[in-house]
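Below: one structure, written as structure tokens.
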Amino acid sequence: MGSDWMDKARTIFIEDSQQAAACRAVEVIESVVHESVASRDVCNIALAGGTTPIPAYQVLATRAMTGSIPWNRVNFFFGDERNVPPDHIESNYHTAQRELFDKAPVDWSRVYPMPGDAADLQAAAVSYEQTIRHVVGDNSGAGIPHFDLIMLGMGCDGHVASLFAGSALLDETKKLVAAEHVEMLGRYRMTMTLPLIKAAHNVLLLVTGEDKAEMVYKAVIEGDRSIPAMHIKPTSGKFWIVVDKAAARLAVDEIEQRH
Ligand code: 6PG
């Protein structure tokens, strides 16, 4: 069974370490920012949640001190958020604020936390979608806004953003942002849906660590379509996959053969 991850329209990097993978991800991010700002004077990015992106945020922040990234032209959104306040240690916004926004010269008026702890999550999801349509574009509501880059991690169970295996949200075709109670977690989550993710000009999937090796194998070798991470290849954009050797341990031969 073919795997989207091995489709020719993607670029896959296997890096020696988590830090090397973070640096590779930063190269992709910085190139997208430079290109977008050079052509449209703006760049629209959705950041990943969890812990995998932290080394990449730290590298971005360090390079922001001396680099030439026009951070003040970047609009920052989030791919998903937990049901916690933005100052909570588990908040994906809090992680990005602590590791990146507090250290890089971003324009805070261009940072859009996802309201994962709103009292009315469904209404908050609609509102966040409206903000995306207004800021990123296509506020006609007819089309789907195209992010310049959507960055994602992957859970050990193959979930991406807060799209979990078996969720009806995987079949969502209208809502671009949605909220649901995730049985497996026993918690509510808010998340971008596949139509919005697949409309991006660039999707960057960053997966590191031995604990992800089994799932990377299933995705690369088996192309198991029940895995949410199998459905994020952009419709016409570029698909970047960055893994470290630990995460690629079981699939490295296949990847290198078909790379
Ligand atoms: C979240 C994330 C989620 C994350 C994966 C990987 O809110 O948890 O958005 O999709 O990317 O769970 O998490 P780690 O990077 O912590 O392994």
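The values are calculated or read from the model by the stated rules, or taken from the named source; none is laboratory data. As the structure is a prediction and not an experimental result, all values here were calculated from the model. Counting neighbours? That spans all protein chains shown, and the Cβs are built from the backbone with ideal geometry, glycine included. Just the protein is used for accessible areas: all its heavy atoms, side chains included, with ligands, DNA and RNA removed. Shrake-Rupley method; radii C 1.70, N 1.55, O 1.52, S 1.80 Å.
Couple of notes before you dig in:
- Taken together, Gly79, Gly67, Gly50 contain a single residue that is within 28 Å of Asp120 (Cβ to Cβ) and either open to solvent by 10 Å² or more (accessible area, probe 1.4 Å) or more than 18 Å from the chain's Cα centre (by Cα) (or both), which is Gly50.
- The set of residues in the range 136-186 that are of a type in the set (Gly, Ala, Ser) and closer than 17 Å to Phe76 by Cβ comprises Gly137, Gly153, Ala161.
- For the condition free of Cβ contacts under 8 Å to residues at least 24 places away in the same chain and open to solvent by 40 Å² or more (accessible area, probe 1.4 Å), Asp171 qualifies.
- Pairs, first more than 11 Å from Leu204 (Cα to Cα) in the range 44-56, second of a type in the set (Asp, Glu) and more than 8 Å from the ligand (Cβ to nearest atom), C-beta under 7 Å, six or more apart: Asn44/Asp148; Ile54/Glu99
- Residues of the range 84-104 that are within 16 Å of the ligand (Cβ to nearest atom) and assigned to a helix (DSSP H, G or I): Asn92, Tyr93, His94, Thr95, Ala96, Gln97, Arg98, Glu99, Leu100.
- Within the range 125-165, the set of residues being of a type in the set (Gly, Ala, Ser) and more than 16 Å from the ligand (Cβ to nearest atom) comprises Ser127, Gly137, Ser140, Gly141, Ala142, Gly143.
- Among the residues of the range 119-157, those that are under 15 Å from Glu180 (Cβ atoms) and in contact with a Phe, Trp or Tyr (Cβ under 9 Å, 6 or more places away or on another chain) comprise Leu121, Tyr128.
- Top-ranked residue in the range 105-147 [being outside any helix (DSSP H, G or I) and β-branched (Val, Ile, Thr); ranked as surrounded by the most Cβ atoms within 10 Å (Cβ to Cβ)]: Val106
- Meets criteria (farther than 18 Å from Ile45 by Cβ and open to solvent by less than 60 Å² (accessible area, probe 1.4 Å)) for Asn92: no
- Residue within the range 179-191 that is within 12 Å of Ala46 (Cβ to Cβ), surrounded by 24 or more Cβ atoms within 10 Å (Cβ to Cβ) and not small (Gly, Ala, Ser) present: yes
- Restricted to strands (runs of 3 or more DSSP E) entirely inside the range 35-83, those with at least 2 residues that are modelled with pLDDT of 95 or more and more than 10 Å from the ligand (Cβ to nearest atom) are 43-47, 74-78.
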